[in-house]
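The values are calculated or read from the model by the stated rules, or taken from the named source; none is laboratory data. Fair warning: this is a prediction, and the values are worked out from it, not measured in the lab. In this analysis, Cβ positions are derived from the backbone assuming ideal geometry, glycine residues included, and neighbour counts consider all displayed protein chains. The protein model used for the area step is the full one, side chains on, heavy atoms only, and it has no ligands, DNA or RNA in it. Shrake-Rupley method; radii C 1.70, N 1.55, O 1.52, S 1.80 Å.
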Amino acid sequence: MYRLLFSLFLSKLDPEDAHHLAFRVIRALPTLGVGRLVERFTGPDPSLAVEALGLRFPSPFGVAAGFDKDGYAVRGLGNLGFGHVEVGTITAIAQPGNERPRLFRLVADRALINRMGFNNGGADAAAGRLSRLSRRTHRPVLGVNIGKSRVTAVEDAVADYERSASVLAPFADYLVVNVSSPNTPGLRGLQELDALAPLLEAVRAAAGSTPLLVKIAPDLADEEVRRICALVLRLGLDGIIATNTTISRQGLKTPADEVEAKGAGGLSGAPLAARSLEVLRIIRAEVPAELCVVSVGGVETAADVQDRLDAGATLVQGYSAFIYRGPFWARQVNRGLLRFRRSRAQSGARRG
């Protein structure tokens, strides 16, 4: 049914307008009093729960940053079966983001291109919202992803991130430093170790006891990934999220002239899967088993999620496939993961 709805209606809408339409419905689930009813249908089996970052995640599968930029739909997304929701990217200073159009579908590739530019209402507004949410017991695990304000010069980035961290960390279950979006000028340069080390040290101090992770780009060279792993271990961070969107346009099915016409931005979705999995394997080879590694990029099916878990991911996130799979995407993934586990348990019992 959703495929038909997408084909006949949603695919004809501007992608950002379609997102806002779906977002309003998801946001309304708890307030309409149907959230708990929906959750009976979508909720993950208790056997899927994961212990990480000192927290219990009801499912290893969650929503990546970018879907809920300001923390309005956390409970509704939990009602749909996601084990955690990472909100953001949130900046210290409110900003409108880039001019529209800034979100584009590549349907043939099951992908998106976005140059949203961290559009959000700012850290102070989000803190007020999340402080009320934090007092509610029925919600998924809440991550908060922070980035540099566009008006802040790169040389002043540390203070900008510190501000966001100090305001938002008290209301987050975990905090993420985003230095890997391609849509804020100069941001990816902060992944260079000379810039990244003092930034992460400052944010770690501002975050206090809140677990801190860093999100990296898929376009880093393998050796750069290894050096960041070493830095994360040296600083005592709690984890790594891999990966953000890519600036690459290689291997797409969509005609090159159509892709070029859409302009700059980060590519997400199925074309990112191979590199995201490769980066995950590099990271897991460099860090101890107890470090939380969150894999994101090109994840669509339960088999994709299971592949990431088998490759060493602690948790897995998705976003782009939401557009192509519809509101019961998390349910599909959770049910598929449960089938994998039962099948493996039965296989093990037969071998035993």
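What residue, among those in the range 21-48 that are in contact (Cβ under 8 Å) with a residue 24 or more places away in the chain and small (Gly, Ala, Ser), is farthest from LEU315 (Cα to Cα)? Taking the candidates together, the pick is ALA28.
Can you tell me which residue within the range 30-55, out of those that are more than 22 Å from the chain's Cα centre (by Cα) and small (Gly, Ala, Ser), is surrounded by the most Cβ atoms within 10 Å (Cβ to Cβ)? Applying the filter and picking the extreme gives GLY35. Taken over the range 317-332, the residue count meeting the criterion of being farther than 21 Å from HIS20 by Cβ and in contact with a Ser or Thr (Cβ under 7 Å, 6 or more places away or on another chain) is 1.
Does the range 148-168 hold any residues that are outside any helix (DSSP H, G or I) and closer than 11 Å to ILE93 by Cβ, and which are they?
LYS148, SER149, ARG150, VAL151, THR152
Number of residues in the range 93-113 that are closer than 17 Å to LEU168 by Cβ and either open to solvent by less than 20 Å² (accessible area, probe 1.4 Å) or of a type in the set (Val, Ile, Thr) (or both): the value is 1. Within the set LEU142, LEU212, LEU168, the sole residue that is farther than 30 Å from ALA261 by Cβ, in contact with a Leu (Cβ under 6 Å, 6 or more places away or on another chain) and modelled with pLDDT of 95 or more turns out to be LEU212. Comparison of VAL177, VAL154 shows that the only residue that is within 20 Å of the chain's Cα centre (by Cα) and either under 23 Å from VAL287 (Cβ atoms) or at pLDDT below 90 (or both) is VAL177. Residue pairs whose Cβ atoms lie under 9 Å apart, sitting 6 or more positions apart in sequence or on different chains, and linking a residue in the range 169-191 that is farther than 12 Å from LYS215 by Cβ and part of a loop (DSSP other than H, G, I, E, B) to a partner that is charged (D, E, K, R) and open to solvent by 30 Å² or more (accessible area, probe 1.4 Å), are PRO182/ARG115; PRO182/ARG188; PRO182/ASP219; ASN183/ARG115; THR184/ARG150; PRO185/ARG150.
Total residues in the range 117-129 satisfying the condition of being under 19 Å from ASN178 (Cα atoms), in contact with a helix residue (DSSP H, G or I) (Cβ under 9 Å, 6 or more places away or on another chain) and modelled with pLDDT under 95: the figure is 0. When ARG27 is tested against (1) crowded, with 21+ Cβ neighbours inside 10 Å; (2) within 19 Å of the chain's Cα centre (by Cα), just one condition goes unmet, and that condition is (1). Taking the range 242-352 as the region of interest, the helices (runs of 4 or more DSSP H) fully inside it that hold 2 or more residues being open to solvent by less than 60 Å² (accessible area, probe 1.4 Å) and out of contact with any Phe, Trp or Tyr (no Cβ under 6 Å at 6 or more places or on another chain) are 273-286, 302-310, 320-325, 329-351.
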